[in-house]
Amino acid sequence: MWWKQGVVYQVYPRSFQDSNNDGNGDIRGLINRLDYLNDGKNSGDSTSRSLGIDAIWLSPIYPSPMHDFGYDISDYCAIDPVFGSMEDFDELLQQAHQRNIRIILDLVVNHTSDQHPWFLESCQPGSDKADWYIWHKGTQPPNNWLGCLGGKGWSWNEQRGAWYYHSFLAQQPDLNWRNPKVKQAVKDIMAFWLDKGVDGFRLDVVNLFFKDAKLRSNPVDWFRIGRPYDRQNHIYDRDQPEMHPLLQELRQWVDRWPQRMMVGEIMMQANGTSALPASYYGDGDELHLAFNFDFFHQPFSASAFRTVIRNWQQQLGDNNWPNYTLSNHDFMRHSGRYRGQHQTERMKLLAAMLLTLRGTPFLYYGEETGMPEQKVPYKKMQDPVGIRYWPLHPGRDGCRRPMMWSDNPRDFSAGPAWLPNEPLTEYSVKHQQENPHSLLNWYQQLIRLRRSYTALHQGQQKLSDPAADVLAYQRSHGDEKISVYLNFSATAQTIKHIHAADLQLLLNSLSQPPAIGENSIRLLPYQALILKHTD
């Protein structure tokens with residue numbers, strides 16, 4: 001299955017490449033940059049300068065009022081003019097498939113835009129779509145549910161004379177998934193894109209689809225630090241038991257098209273565990289993949305990552321396939337979270353981990369060059385989270401900065417970019433392509449290595465604990481065995497009791513040659529070694 005063996009690359013389209021100089025990235029710009037992602041050449045071709053990814057997860061490109069930058073959709077079967085046309089998308093699909101790149105669309109169906117025709121009709125008393133959203137009649141909201149992006153979860157609609165619920169902004173009313181007509185409408189949307197040749201869907205906040213039928217209030221922990229939303233125990237506005245039969249039905253629907261997949265975003269509470277996303281795999285009959293964001297909240301520590309990996313393995317068992325990611329469009333980039341001395345070495349270490357673990361790696365555009373967060377002053381903020389909570393929360397604009405193709409911002413767009421984009425030569429694609437020891441070239445090597453060895457893209461995994469500051473594991477498939485050693489500390493570490501004569505070096509993250517003795521390996525600070533067993 002391609003979604004098990006491949007590497008997925010998330011493109012935030014507004015920030016990737018502009019083709020018409022309006023300051024916004026678009027589909028035509030992405031088409032023009034496909035060769036950078038994968039030029040379609042043989043994976044062993046050393047002349048290729050492409051990254052070598054296998055699939056693109058494309059953040060929303062549908063028509064939208066853009067209150068939440070595409071996550072408030074007003075038409076699910078069209079393209080927003082800011083990104084281009086349906087003809088552009090059809091060409092993207094064709095050009096991507098010619099290069100063996102799959103396309104995964106972001107499907108946001110927990111809620112719609114308040115400008116969607118469904119909601120406009122639902123606002124009319126007695127309409128055919130009166131029950132397509134979550135409505136409540138009364139002088140007050142029925143419970144204490146809040147919006148994730150701030151404020152109350154209920155808003156009054158004068159035309160309907162009732163309250164409607166929205167998990168996010170007031171402009172994003174939640175669909176009523178208990179209505180079978182809503183379910184069928186979403187299946188029809190999926191069929192529209194699958195018939196076009198789309199390879200899969202990323203289901204946005206999939207565990208929020210159902211809410212408590214009795215609309216009971218969530219318990220509140222008044223001693224928990226954080227936003228009011230974070231103080232609630234969300235037992236009634238998410239993770240309802242009806243989710244599992246629904247996902248089984250959607251899985252059966254998508255499986256009617258061969259070689260398609262669904263990956264789900266699972267919203268978790270601060271004290272949540274990986275058992276929650278694991279539950280949405282079902283018995284292999286629900287989601288193909290469910291995101292586990294535990295990596296986002298760990299210190300730069302071998303023991304911390306080891307614990308996350310071990311727990312995720314245990315929760316999924318042998319039959320469900322893991323996935324891992326370090327960054328996305330909602331969180332500070334990991335280049336910012338783990339910023340410090342020896343930055344390039346630390347980023348190479350994390351890349352080696354991400355691309356050699358058992359599971360599907362999801363990359364976020366620009367992480368392959370270590371692109372940092374962009375500081376965005378309040379007057380230039382676009383994100384509703386940052387605008388509402390600044391200066392307590394900087395929002396999500398920083399991780400959505402335009403792609404740094406060179407030290408000239410005009411290589412992204414000749415017009416003023418939609419977000420500030422400070423030029424930083426050392427993090428640009430052009431600069432790093434010319435440096436054989438760059439982070440970008442390291443990503444290319446790792447992706448090629450992953451594709452070349454079945455043990456890395458398909459094999460089993462066994463964790464070991466050779467030293468507290470070293471993350472180590474062995475990948476194996478049949479007679480093929482590969483060991484990975486990652487030193488997360490600023491001091492050298494020695495791995496003992498190793499028969500080094502039977503090891504062949506595949507990749508070394510540092511320019512210094514590894515110190516391999518007869519029965520030991522000495523890892524330099526922040527060094528990653530990938531070795532093949534020849535015995």
Self-check item: When residues of segment 201-237 are limited to those that are at pLDDT 95 or above and on the phi > 0 side of the Ramachandran plot, the one farthest from the chain's Cα centre (by Cα)
Solution: Leu215
Quiz prompt | Where Phe168 falls short, out of the listed (1) closer than 30 Å to Gln94 by Cβ; (2) hydrophobic (A, V, I, L, M, F, W, C); (3) crowded, with 21+ Cβ neighbours inside 10 Å | solution = (1)
Quiz item: In segment 515-531, which residues are surrounded by 18 or more Cβ atoms within 10 Å (Cβ to Cβ) and either assigned to a strand (DSSP E or B) or assigned by TED's automatic domain parsing to the domain that holds Gln341 (or both)?
Solution: Ile521, Leu523, Ala528, Leu529, Ile530, Leu531
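Select from segment 476-492 the residues that are buried (at least 20 other Cβ atoms within 10 Å of the Cβ) and β-branched (Val, Ile, Thr) and write down the one among them that is nearest to the chain's Cα centre (by Cα). Spell out the reasoning first.
The initial filter retains those residues of segment 476-492 that are buried (at least 20 other Cβ atoms within 10 Å of the Cβ), namely 481-488.
With β-branched (Val, Ile, Thr) added as a condition, the list becomes 482, 484.
Numbers: Ile482: 27, Val484: 24 Å.
Only one residue tops the list, namely Val484.
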Quiz item: Counting just the residues of segment 354-388 that are in contact with a helix residue (DSSP H, G or I) (Cβ under 7 Å, 6 or more places away or on another chain) and of a type in the set (Val, Ile, Thr), which one comes out surrounded by the fewest Cβ atoms within 10 Å (Cβ to Cβ)?
Solution: Val376
Quiz prompt | Looking only at segment 333-364, and only at residues there that are in contact with a strand residue (DSSP E or B) (Cβ under 8 Å, 6 or more places away or on another chain) and in a loop (DSSP other than H, G, I, E, B), the one that is nearest to Ala302 (Cα to Cα) | solution = Leu357
Quiz item: Does segment 459-475 hold any residues that are crowded, with 19+ Cβ neighbours inside 10 Å and farther than 22 Å from Pro299 by Cβ, and which are they?
Solution: Arg475
Quiz prompt | The listed residue being of a type in the set (Val, Ile, Thr) and either modelled with pLDDT under 95 or part of a loop (DSSP other than H, G, I, E, B) (or both), out of Ile31, Ile53 | solution = Ile53
Quiz item: Can you name the residue in segment 433-458 that is surrounded by 21 or more Cβ atoms within 10 Å (Cβ to Cβ) and of a type in the set (Gly, Ala, Ser) and is also nearest to Ile498 (Cα to Cα) among such residues?
Solution: Ala455
Self-check item: Whichever residue in segment 493-514 is within 15 Å of His533 (Cβ to Cβ) and of a type in the set (Gly, Ala, Ser) and, among such residues, is surrounded by the most Cβ atoms within 10 Å (Cβ to Cβ)
Solution: Ala500
Exercise. For Arg339, indicate whether it is in contact with a helix residue (DSSP H, G or I) (Cβ under 9 Å, 6 or more places away or on another chain) and in contact (Cβ under 8 Å) with a residue 12 or more places away in the chain.
Key: yes
Quiz item: Can you pull out the residues in segment 75-88 that are closer than 17 Å to Leu203 by Cα and either crowded, with 20+ Cβ neighbours inside 10 Å or touching a His at 6+ places or on another chain (Cβ under 9 Å) (or both)?
Solution: Asp75, Tyr76
Exercise. Need at least 2 residues that are in contact with a strand residue (DSSP E or B) (Cβ under 7 Å, 6 or more places away or on another chain) per element, so show me which helices (runs of 4 or more DSSP H) inside segment 365-468 make the cut, counting only ones lying wholly within it.
Key: 439-452, 454-457
Practice problem: Would you tally the residues in segment 253-289 being under 18 Å from Val109 (Cα atoms) and not in a loop (DSSP other than H, G, I, E, B)? | Solution: 7
Quiz item: Picking from Asn328, Asn319, which residue would you name as being buried (at least 17 other Cβ atoms within 10 Å of the Cβ) and in a loop (DSSP other than H, G, I, E, B)?
Solution: Asn328
Quiz item: Is it the case that some residue within segment 229-244 is in a loop (DSSP other than H, G, I, E, B), surrounded by 15 or more Cβ atoms within 10 Å (Cβ to Cβ) and either among the aliphatic types (A, V, I, L, M) or not assigned by TED's automatic domain parsing to the domain that holds Phe89 (or both)?
Solution: no
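The values are calculated or read from the model by the stated rules, or taken from the named source; none is laboratory data. Since the model is a prediction, treat every value here as computed from it, not as a measurement. Because the Cβ atoms are built from the backbone with ideal geometry, glycine has one as well, and the counts that use them run over all protein chains shown.
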